[in-house]
Number of protein chains: 2
Amino acid sequence: MKAMLIVADGMADRPIKELGWKTPLEVARKSSMDFIAESGVCGIMDIVSPGIPPGSDTGNMALLGYDPYRYYTGRGALEALGWGLEVREGDVCFRCNFATVDDDLTVLDRRAGRISNDDASKLAESLQKVKLSDSSVKFLFQNTIQHRAALVLRGPKLSASVSNSDPKKVGEKVLEVKPLNNTAEASFTAKIVNELLQKFHRILKNHKVNHERVKRGLPPANIILCRGAGNIPNLPTLSEIYNINATCIAVTSIIRGVCKVAGMRLTTVEGATGTPQTDYLAKAKAAVEALKGDNHFVFLHVKAPDVTSHDGDFQQKIKVIENIDSMIAYIIDHVDMSETYIAITADHTTSCVTRNHEGDPVPIAITGPFVRKDDVKRYDERSCSKGGLGRIRGVDLMPMLMNFIGKVEKFGA
Amino acid sequence: MKAMLIVADGMADRPIKELGWKTPLEVARKSSMDFIAESGVCGIMDIVSPGIPPGSDTGNMALLGYDPYRYYTGRGALEALGWGLEVREGDVCFRCNFATVDDDLTVLDRRAGRISNDDASKLAESLQKVKLSDSSVKFLFQNTIQHRAALVLRGPKLSASVSNSDPKKVGEKVLEVKPLNNTAEASFTAKIVNELLQKFHRILKNHKVNHERVKRGLPPANIILCRGAGNIPNLPTLSEIYNINATCIAVTSIIRGVCKVAGMRLTTVEGATGTPQTDYLAKAKAAVEALKGDNHFVFLHVKAPDVTSHDGDFQQKIKVIENIDSMIAYIIDHVDMSETYIAITADHTTSCVTRNHEGDPVPIAITGPFVRKDDVKRYDERSCSKGGLGRIRGVDLMPMLMNFIGKVEKFGA
């Protein structure tokens, strides 16, 4: 027996007036998701806790069975790991943006005009050459996609308890990084980060790439904003807990980071982009391949519905849902359903109206040989609320799936 | 007001192909269980946590309201207590088997041909005479039913943090008992247990009972295998928590042990055997008697459905369910339903397909004068999932029942 968990990022939604007070899932044509619901057992699921909007990191940690209230240590380390940076125990990691500020350090553009990978690479190369005043600290700075970058600090006296330099709003000033507790380590780390960001700023202001950008009418990437300081979380791996091989198929770096700390294999799929234009079929093929190999568990994550939700584009969200449904159709057609459990869910609700992650529960459906099939015929928020699973928590899903494939040990005698 | 909790061990199941993808509960004729469901309020219940298969010990602890993650200390002490052995705080108890090994200590039969009580008694009598090298340690060794036995170690320097000698598989060698932590107590205990088991082996090898067994073509019970080291758990009794008198009607030793540490009275019912051939009517009569006396709460446990499930015999499981239903019919007819709450449930799902305890939820139905009767008309896994209780946890059942009979104090002012 094997199991696959398909997570459509932010696919759950609230009723939308323009859709006759239906949700995108309720409107989309999605016969494969409905097949999973109709042949399976359904319910609704609070990813972390009722009313609490999960992040991508905490949400997917919970879906892999790790209580984020116990294990979550911030976004920085997960994202750096997900980008393939080497992160060690004790390293302090930040998520960074290339951004544009004026001479007063007021933020004009938090993404430096969504700077190209090319320009960002050249700038990052120069930044990596900065020397810090304290030689006990090493750093790694790497651009990833467009304006996104990761910063890893390594040294014996560091702490992740420091604040952000990113004010998170255009029109506000860049913030000084401050210690968040009274330890010498936090003070020292804040000092180091401030020094580093100032040196970065000095280099970027005068960099020829930025001079050229200004000539081309583009905003200069003249500052690095950082946020989400964190260490690597200390998790027991899925292999340690369940004695399984597990593979992650995801593009989004933070999701890859979560899967990496869970000890999963990371697959890279050509054509998978994390956008609504991702190659859905390629992901489906990769998932089927992974399941046919020596994996007991495949985690398949699709970012696209969250992107459309943050844009408030519910028509596009419906199309993306229908594309995911085609992806699932391929999977159902190509795995042996007599020995496979497939679950479909979302890692959180993202509302096309508020354009934010929301704390409403998500629908969950599990099909497989020995589930207690219920009466639910459609996979959506309200249909699944009538299902045989009732209302469960995100951290409970993984033990349920692993129990179906015989990988949970009895507690007691 | 009084309450009775009827627990049918392992009665819940998964859908079975040969039953048209129904469960034994869905197929069985069981008008009395259905009466409880129809006149009562129903739900599904995760005995310990979704997806986690409970043991008999942890499952019934949870059903009596004790969180096993907090209170469970291993099988040994519960089983020894259940057999009526005197167990004191600090004693280290083991569940033991009479077994058969070859000269290399490879296990040939983990149950010594399911040795008779008679033979086992004679052997146990000899084993109790062994002298340990360290006089600070006393031990009690007692055979129970067939190959089963209990060992209790008593002394000032003992620890339950030691491993098993039982390899749990035929064809594997007997294991050396090892300390599971770095304390002097764990090392000392491991040493003592190894010494004791070696001395047992020497006596058993040359025992005339075994010579006679070999002559009769029976496997000699030439070794004692031990597992599940544990101390007595430290629980507040039901009487301390709810100010009630409570009685347990159960045959299985480990269940009796759980009820004993909960401070319950233990009833012995003539004809009750823990097998599918148990005297169901005798149990019913004992339960009614107990409820008519000064008990506020009666816990009635029937082992039989679990036995048939471990055998994979779903037809026999259906018959056992129908027998339990007759038992319940007698109870309903003979107690005053205007002042009695009756709950029916299982302590875990046991699948006739996997033949194991599984982590799927169990159905629960509670009838009584003032429950919020719902629409559910049948007592089974899927019908109850639509009930008014929703999905609850095992540890929540006891406070609910005790609240119905007015025995839970207000929390707060």
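The values are calculated or read from the model by the stated rules, or taken from the named source; none is laboratory data. Predicted, not measured: the structure shown is a model, and the values here were computed from it. We place every Cβ from the backbone using ideal geometry, glycine too, and count neighbours over all the protein chains shown. Each accessible area value is taken on the protein alone, full model and side chains, heavy atoms only, with ligands, DNA and RNA left out. Shrake-Rupley method; radii C 1.70, N 1.55, O 1.52, S 1.80 Å.
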* **Accessible area per residue in Å² at 1.4 Å probe, computed on region B:80-230** => 48
* **Selected from B:T354, B:L397, B:T367, residue furthest toward positive end of dipole (region B:349-413; charges at beta carbon)** => B:T367
* To do: Between beta-carbons, use under 10 Å as the cut-off and find the net charge around A:L175, counting Lys and Arg +1, Asp and Glu -1.
  => +1
* Structure fact -> Treating every alpha carbon of the protein assembly as shown as one equal point scatterer without solvent, the Debye formula yields log10 I(q)/I(0) values at q = 0.10, 0.11 Å⁻¹ of -1.11, -1.23
* To do: Count the DSSP beta bridges whose two residues both fall in the protein assembly as shown, then state the antiparallel fraction as a percent rounded to the nearest 5.
  => 60
* As a check on your grasp of the helix formula, calculate [θ] at 222 nm for the protein assembly as shown: sum -39500 (n - 2.57) over DSSP H runs of n ≥ 4, divide by the residue count, round to the nearest 500. => -10000 deg cm²/dmol
* Asked: Kirkwood Rh over Cα pairs of chain B into Stokes-Einstein at 25 °C, 0.890 mPa s: D in µm²/s?
  -> 110
* To do: Using the Cα centre as the reference, give the magnitude of the dipole from point charges on the C-beta atoms of region A:99-221 (Lys, Arg: +1; Asp, Glu: -1; all else neutral), rounded to the nearest 20 debye.
  => 260
* Structure fact -> Taking the label point 7 Å from Cα along the Cα-Cβ vector, the copy-to-copy distances for A:E339, listed from shortest in nm with one decimal, are 6.0
* Of B:K260/B:K377; A:K30/A:K260; A:K122/A:K169, those spanning more than 28 Å from alpha-carbon to alpha-carbon -> B:K260/B:K377; A:K30/A:K260
* Structure fact -> extent check for region A:80-230: Cα max minus min per principal axis, descending, whole Å, gives 45, 30, 27
* To do: Place the peptides A:57-63, A:3-9, B:292-298, B:325-331 in order of packing, highest mean first, counting for every residue the other Cβ atoms within 10 Å and averaging per peptide.
  => A:57-63, A:3-9, B:325-331, B:292-298
* Every other copy gets compared here: list the nm distances from the A:S239 label point (7 Å along Cα to Cβ) to its counterparts, shortest first, one decimal. => 5.4
* Asked: What does the average come to when, for each residue of peptide A:387-393, you count the partner chain Cβ atoms lying within 10 Å of its Cβ?
  -> 5
* Would you work out what percent of the accessible area of chain A, with all protein chains in place, is carbon or sulfur (probe 1.4 Å)? => 48
* To do: Run down the lysines and flag those whose C-alpha is under 17 Å from the C-alpha of B:K191, throwing out any fewer than 8 positions away in its chain.
  => B:K131, B:K138, B:K157, B:K178, B:K199
* Per-residue average of Cβ from other chains inside 10 Å of A:396-406 -> 5
* **Inter-copy spacing of A:R391 label points, which lie 7 Å from Cα along Cα→Cβ, given in nm from shortest upward** => 1.1
* Would you list which aspartates and glutamates come within 13 Å of B:K173, measuring only between C-alpha atoms, while excluding same-chain residues fewer than 8 positions from it? => B:D102, B:D103, B:D104, B:D109
* Evaluate the distance, in nm, between pseudo-label points positioned 7 Å from the Cα of B:D102 and of B:A184 along their respective Cα→Cβ axes. => 4.3
* Structure fact -> The equivalent-ellipsoid semi-axes of region B:1-91, taken as the square roots of five times the Cα gyration tensor eigenvalues and listed largest first in whole Å, are 31, 17, 14
* Using only Cα atoms, find the angle between the long axis of helix B:280-292 and the longest principal axis of chain B, and express it within 0 to 90 degrees, rounded to the nearest 10. => 70
* Structure fact -> To the nearest 20 debye, the protein assembly as shown has a Cα-centred charge dipole, built from +1 on Lys and Arg Cβ and -1 on Asp and Glu Cβ, of 1440
* Specify which residue in the list A:I249, A:N323, A:A282 is farthest towards the positive end of the charge dipole of region A:246-355, using unit charges on the beta carbon of Lys, Arg (+1) and Asp, Glu (-1), about the Cα centre. => A:I249
* Asked: Of all the C-alpha pairs in region A:297-413, what % are more than 26 Å from each other?
  -> 25
* To do: Using 0.36 nm per residue of separation minus the Cα-Cα distance, give me the extension gain between B:H310 and B:S121 in nm, one decimal.
  => 65.3 nm
* Asked: With each pseudo-label sitting 7 Å past Cα toward Cβ, what's the A:T354-A:E270 distance in nm, one decimal?
  -> 4.2
* Using alpha-carbon coordinates, inclination of helix B:117-127 to the longest axis of chain B, degrees -> 50
* Structure fact -> Sorted on mean Cβ neighbours within 10 Å (highest first), peptides A:209-218, A:300-309 come out as A:300-309, A:209-218
* For the protein assembly as shown, build the charge dipole from Cβ charges (+1 Lys, Arg; -1 Asp, Glu) around the Cα centre, then report which of A:T73, A:M33, B:M264 sits farthest towards its positive end. => A:T73
* Asked: Within 10 Å of each Cβ of A:373-380, how many other protein chain Cβ atoms are there on average?
  -> 1
* Please check which bits of region A:337-356 a label hung off A:R382 would reach, taking the label as a point 7 Å along Cα-to-C-beta and the cut-off as backbone N under 19 Å. => A:349-354
* To do: Give the calculated FRET efficiency between A:V170 and A:E289 to the nearest 0.05, with a Förster radius of 45 Å applied to their Cβ-Cβ distance.
  => 0.55
* Give the interface area between chains B and A as buried accessible surface, both sides summed, probe 1.4 Å, in Å² to the nearest 100. => 2200
* Asked: Taking the alpha-carbon centroid of each part, what is the distance from region B:152-206 to region A:194-239 in angstrom?
  -> 60
* **region A:80-230, relative contact order in percent, only Cα pairs under 8 angstrom and at least six apart counted** => 32
* Once label points are set 7 Å from the Cα along Cα→Cβ at both B:K215 and A:S239, what is their separation, rounded to one decimal in nm? -> 5.7
* Asked: Hey, got the dipole for chain A? About the Cα centre, +1 on K and R Cβ, -1 on D and E Cβ, debye to the nearest 20?
  -> 920
